[in-house]
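Participant: Could you have a look at this structure, given as structure tokens, before my questions?
What follows is calculated from the coordinates using simple rules that are stated; it is not laboratory data. Keep in mind the model is a prediction, meaning the values are calculated, not measured. Cβ coordinates were reconstructed from backbone atoms using ideal geometry, including for glycine residues, and neighbour counts include every protein chain displayed.
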Amino acid sequence: MKLRAPEGLAVRPTADRVKEALFNILGSRTIGSRFIDLYAGSGAIGIEALSRGAESCIFVDNRPANKLLIDENLSKTGLESAARVILSDVDKALITLRDEETRADIIYLDPPYNYSGLDVVAGRLFEYNLIADSGVVVAEHAYSNREWLDRFKETRIKKYGDTALSFIYMP
């Protein structure tokens with residue numbers, strides 16, 4: 001189903017081939033999972049997870065226009081009952097989720113393309129105990145921006161042109 005995407009350059013939608021590769025790698029792990037989509041944009045990744053059998057998805061984005069778009073896309077797909085949309089910056093949302101003792105099986109991060117704080121955000125996911133014991137963090141980022149991964153022991157990186165998907169597993 002074709003979803004609406006934000007207009008302009010503020011949001012960079014995940015390329016179809018990267019999205020397909022992501023879900024091929026995750027495979028059956030998505031089914032029944034608790035999924036979090038950080039920097040959600042249009043919500044396309046989280047909606048794809050729900051459509052592939054995820055039990056629930058929490059979407060986090062700090063732009064009111066994106067929240068409205070996510071709500072619209074969830075309504076269009078009929079998946080709103082399995083979703084929660086949080087209008088907040090990621091740092092504040094992570095504190096809220098920690099305080100609620102939220103645990104997710106898959107957490108997807110797609111911050112602005114050359115974002116320099118991926119190691120900090122990914123580190124907080126583990127520090128705040130937001131990852132289930134067999135969970136995985138997946139970050140989409142510029143392939144040239146991968147030195148931050150040295151902080152983590154269990155990682156895997158896949159390259160798609162200038163884009164990379166990095167998988168960080170619970171130690």
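Participant: At 222 nm, what value in deg cm²/dmol follows for the chain if DSSP H runs of at least 4 each add -39500 (n - 2.57) and the sum is divided by all its residues, to the nearest 500?
Facilitator: Calculated at 222 nm, the ellipticity per residue is -9500 deg cm²/dmol.
Participant: Using 0.36 nm per residue of separation minus the Cα-Cα distance, give me the extension gain between Asn145 and Thr96 in nm, one decimal. Please report the intermediate quantities before stating the final value.
Facilitator: Numbers: separation 49, 0.36 × 49 = 17.64 nm, distance 2.81 nm.
Contour length minus Cα-Cα distance gives 14.8 nm.
Participant: Something else now. How charged is the neighbourhood of Ile106? Take every other residue with its Cβ under 12 Å from the Cβ of Ile106, and add Lys/Arg as +1 and Asp/Glu as -1.
Facilitator: Spelling it out: positives minus negatives among the neighbours equals 0.
Participant: Eight or more residues apart or on different chains, and alpha-carbon atoms under 19 Å: count the Lys pairs in the chain matching that.
Facilitator: 7
Participant: Within 10 Å of each candidate Cβ there may be at most 14 other Cβ atoms; applying that plus a DSSP loop requirement, which GluC sites (Glu not before Pro) in segment 38-133 survive?
Facilitator: Taking segment 38-133 and a limit of 14 other Cβ atoms within 10 Å, the loop GluC sites (Glu not before Pro) found are Glu55, Glu100, Glu101.
Participant: Report D for the chain in µm² per second (integer): Stokes-Einstein, Kirkwood Rh on Cα pairs, 10 °C, 1.306 mPa s.
Facilitator: 100 µm²/s
Participant: Moving on. Which residues' amide hydrogens lie under 5 Å from the amide hydrogen of Thr163, considering only partners 5 or more residues apart or on another chain, with H built in the peptide plane?
Facilitator: Answer set, sorted by chain and number: Tyr143.
Participant: What does DSSP give for the chain in terms of the percent of beta bridges that are antiparallel, rounded to the nearest 5?
Facilitator: 40 percent
Participant: Please list, in order along segment 106-117, the HN-Hα scalar couplings obtained from phi with the Karplus expression 6.51 cos²θ - 1.76 cosθ + 1.60 (θ = phi - 60°), rounded to whole Hz, x for Gly and Pro.
Facilitator: Ordered by residue, 3J(HN,Hα) equals 9, 10, 10, 10, 9, x, x, 3, 10, 4, 9, x Hz.
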